[in-house]
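Down below is the structure, laid out as structure tokens.
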Amino acid sequence: MERARSFGKVASMYDRARPHYPAALVADLTSGRRLRVLDVGCGTGIAARPFVDAGCEVQGVEHDPGMAQVARAHGLTVDVARFEDWHSPGAVFDLVMSGQAWHWIDPVEGPRVAADSLLPSGHLAIYWIEYRHQPDVEQVFAQVYGELAAGLLHSSHPLGMLTDGERSVALAASYVNALAASDRFQPAVVRHYDDSRTYRTRDWVDELPTHSDHQLLPQATSERLFATLAGELDALGGTFTVGLRTHLVLAWRA
């Protein structure tokens, strides 16, 4: 919970620095329809805004007031609450979605609340981004984190150091199994969307503090880490391309 509460103090940076989701994902989930959408753990509204642009009506639920404030500044309607404690006005949503946030949700209560919020034909979409780096960038991470923050090297999400998407495979399986155990959803399917983003050194160093494990580093450690990373990445040319694979777990209400 300490990690979950760490985002509000960097909410504006989070909104500016985090990658967005591929247009193909939004197109697949809407199929050209104007849906009523519930965004669970909506954060600053990065996942929600493309649905609004597609003509959907979006209701957000976010436990962090600082993140919700930024989302509201973008024109989104947001309730500040834990999703497990939030009560919808009934089964009124076509789509319940959660981008990069479902891992904070209780695996038993979350599916129940989601199912209760969905229309009979509605569906639940859980998705997240996996980062894939080039070998020269991985080498920089291995060197710098190995010296300054070794505990993050093979566990921190943005570093993408687990091979063959091992973490995402396990995460997808845990979501599929939890939805099956709830008896509230039809068997889930898993889909993938590949994209990329070219970062400048400054863009990457701005993004890292928006990840909870980096946010919790001692200030002296994080300052030295980010300065050293910036120097090493600038030595590679100052820009680098990151592969972004979005994983989707999709299930219709039973």
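The values are calculated or read from the model by the stated rules, or taken from the named source; none is laboratory data. Quantities reported herein were computed from a predicted structural model and do not represent experimental measurements. Every residue, glycine among them, receives a Cβ derived from its backbone with ideal geometry; neighbour counts consider all protein chains shown.
Which residues, counting only those in the stretch 101-110, are in contact (Cβ under 8 Å) with a residue 60 or more places away in the chain and not in a helix (DSSP H, G or I)? Those that are in contact (Cβ under 8 Å) with a residue 60 or more places away in the chain and not in a helix (DSSP H, G or I): A101, I105, P107, V108. Out of all the residues in the stretch 170-201, which are loosely packed, with under 14 Cβ neighbours inside 10 Å and at pLDDT below 95? Answer for the stretch 170-201, where residues must be loosely packed, with under 14 Cβ neighbours inside 10 Å and at pLDDT below 95: just A170. Scanning the stretch 59-68 turns up at least one residue that is in contact with a Phe, Trp or Tyr (Cβ under 8 Å, 6 or more places away or on another chain), small (G, A, S) and either free of Cβ contacts under 8 Å to residues at least 40 places away in the same chain or on the phi < 0 side of the Ramachandran plot (or both). The residues of the stretch 130-151 that are touching a strand residue (DSSP E or B) at 6+ places or on another chain (Cβ under 6 Å) and aliphatic (A, V, I, L, M) amount to a single one, V137.
Listed here are the residues, each with its yes/no results for (1) part of a helix (DSSP H, G or I); (2) out of contact with any strand residue (DSSP E or B) (no Cβ under 9 Å at 6 or more places or on another chain).
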position: G90; (1), (2): no, yes
position: M97; (1), (2): no, no
position: R112; (1), (2): yes, yes
position: D116; (1), (2): yes, yes
position: L119; (1), (2): no, no
position: H123; (1), (2): no, no
position: W128; (1), (2): no, no
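For the stretch 61-84, state whether one or more residues are acidic (D, E), closer than 21 Å to Y14 by Cβ and out of contact with any helix residue (DSSP H, G or I) (no Cβ under 6 Å at 6 or more places or on another chain). Yes. Consider S121 carefully, then state whether it is touching a residue at least 40 places away in the same chain (Cβ under 8 Å), surrounded by fewer than 21 Cβ atoms within 10 Å (Cβ to Cβ) and more than 25 Å from S168 (Cα to Cα). Judged against the criteria, S121 is a match. V137 meets each of the listed conditions (1) in contact with a helix residue (DSSP H, G or I) (Cβ under 9 Å, 6 or more places away or on another chain); (2) at pLDDT 95 or above; (3) surrounded by fewer than 19 Cβ atoms within 10 Å (Cβ to Cβ); (4) more than 23 Å from A23 (Cα to Cα) apart from (3).
One residue stands out among those in the stretch 204-231 that are surrounded by 16 or more Cβ atoms within 10 Å (Cβ to Cβ) and acidic (D, E): the one that is modelled with the lowest pLDDT, which is D213.
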